[in-house]
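Below is the structure I would like to discuss, written out as structure tokens.
The values are calculated or read from the model by the stated rules, or taken from the named source; none is laboratory data. None of the values given here were measured: they were computed from a predicted structure. Quick reminder, even Gly has a Cβ in these numbers, built from the backbone with ideal geometry, and neighbours come from all protein chains shown. For the accessible areas, the whole protein counts, side chains as well, though only heavy atoms, and no ligand, DNA or RNA atoms are used. Shrake-Rupley method; radii C 1.70, N 1.55, O 1.52, S 1.80 Å.
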Amino acid sequence: MNARGMAIVVAVIVCATIVEGFPMFKGGRCLCIGPGAKAVKLTDIEKASIIYPSNSCDKIEVIIALKAHKGQRCLNPRSKQASFIIKQAERKNLKYRNK
């Protein structure tokens, strides 16, 4: 292999190692866009999901699945209702771990 070919191979390897260290999405890949709703009618809630901060999203997300196939809503994690749901989920998880 000549010197020019070797220089190209080295340049490609160096570029690949530099690019691998950069995050692809700086803003994260959160499911909830914006602050979310303050509250949802309790009778409309079918299931609540709590997604804790991770590498892909740096905030807590509270996602509510609505009954009658009305879709999903994101709750503002700082709202009273979301705080209550998070505490209930943590209690349930703690009780489950102690069994």
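Net charge near Leu66, counting Lys/Arg +1 and Asp/Glu -1 over other residues with Cβ under 12 Å of its Cβ? Can you show the working numbers first?
Values: positive: Lys41, Lys47, Lys67, Lys70, Arg73; negative: Asp44, Glu46.
Overall, the nearby charge balance is +3.
Students sometimes get this wrong: rank Arg91, Arg73, Arg78 by accessible area, probe 1.4 Å, all chains present, largest first. Don't skip to the answer; put the middle values down first.
Working: Arg91 150, Arg73 120, Arg78 215 Å².
From most accessible down to least: Arg78, Arg91, Arg73.
Looking at the square roots a ≥ b ≥ c of the eigenvalues of the Cα gyration tensor of the stretch 51-99, which shape do they give, rounded for a/c under 1.5, prolate if a/b is larger than b/c, or oblate?
On the way: a/c = 1.74, a/b = 1.26, b/c = 1.38.
It comes out oblate by the Cα gyration axes.
Here is a further query. Ignoring ligands, DNA and RNA, what percent of the 1.4 Å accessible area of the stretch 35-99 is carbon and sulfur?
53
In whole Hz and in residue order, list the ³J(HN,Hα) couplings for the stretch 55-71 that follow from phi through the Karplus curve 6.51 cos²θ - 1.76 cosθ + 1.60, θ = phi - 60°; x for Gly and Pro.
5, 8, 8, 9, 9, 7, 10, 10, 10, 10, 8, 8, 5, 6, 6, 8, x
Which of the peptides 81-87, 34-40, 52-58 is most tightly packed, and how do the rest follow, going by the mean number of other Cβ atoms within 10 Å of each residue? Each step should come with its number before you reach the end.
Working: 81-87: 16.1, 34-40: 14.3, 52-58: 11.6.
The packing order, highest mean first, is 81-87, 34-40, 52-58.
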